[in-house]
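Have a look at the structure below, then the notes.
The values are calculated or read from the model by the stated rules, or taken from the named source; none is laboratory data. Computed from a prediction, not measured in an experiment: that's the story for all the values here. FYI the Cβ positions are ideal-geometry reconstructions off the backbone, even for glycines, and counts take in every protein chain you see. We work out accessible area using only protein heavy atoms, side chains counted, and drop any ligands, DNA or RNA first. Shrake-Rupley method; radii C 1.70, N 1.55, O 1.52, S 1.80 Å.
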Amino acid sequence: MRSARFSVSGLAAVVQGKESSEERMKTVGIHTLGCKLNYAESAGVAAAFTRNGFALAVDGEHADVWIINTCSVTGSADRECRQVIRRIRRRAPDAFIVVTGCYAQLHPELAASLDGVDAVVGSREKGRLFELITDFRRRDVPLVLVSPGDDTHFWGADSSGFGGRTRAFLKIQDGCDYNCSYCVIPQARGRSRSESPGAVEDRARAVVVRGYKEIVLTGVNVGDYGRTSGWSFHDLLCRLEEIEGLRRLRISSIEPNLLTDEILQLASRSSRIAPHFHIPLQSGSNSVLGRMRRRYRKEFYRDRVDAVLSHLPQAGIGVDVIVGFPGETVDEFEETHRFLSELPASYFHVFSYSERENTPAAAMGRVVPVEERARRSAMLRMLGAEKKKQFALKFVGSVLPVLLESDYSKDGAAMFGLAPNYLRVRVDADAALENEIVPVVIDGYSGGAACGWLQKREGEKGRES
Ligand code: SF4
């Protein structure tokens, strides 16, 4: 059993502690927006509090300090950050509010000017937030601790013991050197850099000791792991794969040009590396890919998907795609739609293009109207929903090992979990099976998830049919 599970769900967790035995307990809430990497880093921030005598408590309790770990990947992420800050200020009028993360890094003045913000902490400073803000005492002028974004410093983090998630997100890499024309992340997170293989392995071992069965390797550009330090992502996978007790190792996302045959061969031999590859595409039109400054063309992308399926026929393949990029014509969009229709993918993440300040794409002109972006997005989402369903139905009659998560149906009768290939499965199961990998017979698809029933195991009573 892991030693520190917390009874909170969703993205918010609360930390409480005391400055000395004479003083009353203090509480700190952490609210995370955005990606798995941010979530792992929130856990790192929380760990600094726990190391200093604080303890996690449930969400919704009183908090003296709130830390809002923000995202800035799109305009709507920015809006959500501002809404969360306002909501938390209303809920906790006396709390010390710290805004950190990508929004804080990119817009420090704006963040500091928001009503009730007490401190703004940049990406570089996030890992030392607890040390840098020593007293958490509200002042008239907000504290701004944001250094320039071209960051070469790496700080490690993992989400074990934080926030109640069943799977652990382990940060192995940060930053990106790719400079895709629409992307603001390199400005927020700096250049590509990585944790050393030894440090990643130590962290992974500790996560397993805490009882986690699945580790998700996270970063901004995970496949770029180690390039700037002479380490290899493939070698890291070999090393992690050997860890005793680790049942599943998942790559959160990998750029197509970094998904090598060597990695696929390793995954096909491994019983631990999840046969699931989330491969950002962004467009199925070569002219749009060129304007996006992506490092491949659609033929190469298709070749990588075919390579995945030739090594791992049951693999799940996720696709990120952006619609409404500047100048994307109807023909170019239809090319993307066609490409995706023919692609043996299992799900899509569809994003409407969002102008980001100081990016080449924002200055390209030939803006696609917002309503047209929404129309294209809806079309791809519909296609994605069908792909997801068809992928799930392929497994009807199969038995899949499903890691049951702290994710329940509204009535609490069913649990959700993930198969190795990222198929989300709903099954009637007892909460005692949370964090167990159980054999599930897939028998259908409903509400965006495969449905199934627990296969009878030796000495157990199975479902009567
Ligand atoms: S690969 Fe491109 S889209 Fe992804 S973080 Fe780097 S610059 Fe942004």
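Give the accessible area for residue 379 in Å² (nearest 10); use a 1.4 Å probe, count only protein heavy atoms, and leave out ligands, DNA and RNA.
Looks like 70 Å² after rounding.
Taking θ = phi - 60°, what integer Hz values does the Karplus form 6.51 cos²θ - 1.76 cosθ + 1.60 yield along the range 272-286, in sequence order, with x for Gly and Pro?
10, 6, 5, x, 8, 10, 9, 10, x, 9, 6, 7, x, 10, 5
Among 269, 191, what's the order by accessible area (1.4 angstrom probe), most exposed first? Intermediate results must be reported in sequence, preceding the final value.
Details: 269 170, 191 120 Å².
These residues rank, largest area first, as 269, 191.
Using a 1.4 angstrom probe on heavy atoms only, work out the carbon and sulfur share of the accessible area of the chain in %. It would help to have the intermediate numbers written out before the result.
Numbers: 9840 of 19960 Å².
Here it works out to 49 percent.
I'd like the Karplus ³J(HN,Hα) series for the range 441-456: coefficients 6.51, -1.76, 1.60, θ = phi - 60°, whole numbers in Hz, and an x wherever there's a Gly or Pro.
8, 7, 10, x, 8, 7, x, x, 9, 6, 10, x, 9, 5, 6, 4
Can you pull out the cysteines in the chain that have no other Cys Cβ under 4.7 Å?
Flagged as lacking a Cys partner: 35, 71, 81, 102, 176, 238, 451.
Could you tell me whether the chain comes out rounded, prolate or oblate from its Cα gyration tensor? Rule is a ≥ b ≥ c as square roots of the eigenvalues, rounded for a/c under 1.5, then prolate if a/b exceeds b/c, otherwise oblate.
Details: a/c = 1.57, a/b = 1.13, b/c = 1.39.
The shape class here is oblate.
Treating the beta-carbon of each Lys and Arg as +1 and of each Asp and Glu as -1, no other charges, what is the dipole magnitude of the chain about its Cα centre, to the nearest 20 debye?
That gives the chain a dipole magnitude of about 340 debye.
For the range 312-405, what does the accessible surface come to per residue with a 1.4 Å probe? Please give it in Å². Present the calculation step by step, with values, prior to reporting the outcome.
Working: 4330 Å² over 94 residues.
Value returned for the range 312-405: 46 Å² of accessible area per residue.
Under a plain spin-label model, where a point goes 7 Å from the Cα along Cα-to-Cβ, how far apart in nm are residue 144 and residue 334?
For the pair residue 144/residue 334, the computed spacing is 5.0 nm.
What FRET efficiency, computed as 1/(1 + (r/R0)^6) with R0 = 30 Å and r the Cβ-Cβ distance, is obtained for residue 355 and residue 87, rounded to the nearest 0.05?
On the way: r = 25 Å, r/R0 = 0.85.
Computed FRET efficiency for residue 355 and residue 87 comes out at 0.75.
Cut-off under 18 Å on the C-alpha distance; same-chain residues fewer than 8 positions from residue 26 excluded. Which lysines are left, in chain and number order?
Reachable lysines: 18.
Report the charge-dipole magnitude of the range 399-454 in Debye, nearest 20, computed about the Cα centre from +1 at each Lys and Arg Cβ and -1 at each Asp and Glu Cβ. Kindly include the intermediate steps, with their values, before the conclusion.
Details: 3 positive and 8 negative charges, 43 e Å.
The calculation lands at about 200 debye.
How do the peptides 250-258, 165-173, 429-437 rank, highest first, by the average count of neighbouring beta carbon atoms within 10 Å per residue? Each step should come with its number before you reach the end.
Values: 250-258: 20.2, 165-173: 25.7, 429-437: 14.9.
Going from most to least packed, we get 165-173, 250-258, 429-437.
For the range 101-157 and the range 267-338, what is the centre-to-centre distance using only Cα atoms, to the nearest Å?
Their Cα centres are 36 Å away from one another.
Working with all protein chains in place, sort 26, 456 by solvent-accessible area computed with a 1.4 Å probe, largest first.
Working: 26 50, 456 135 Å².
Descending order: 456, 26.
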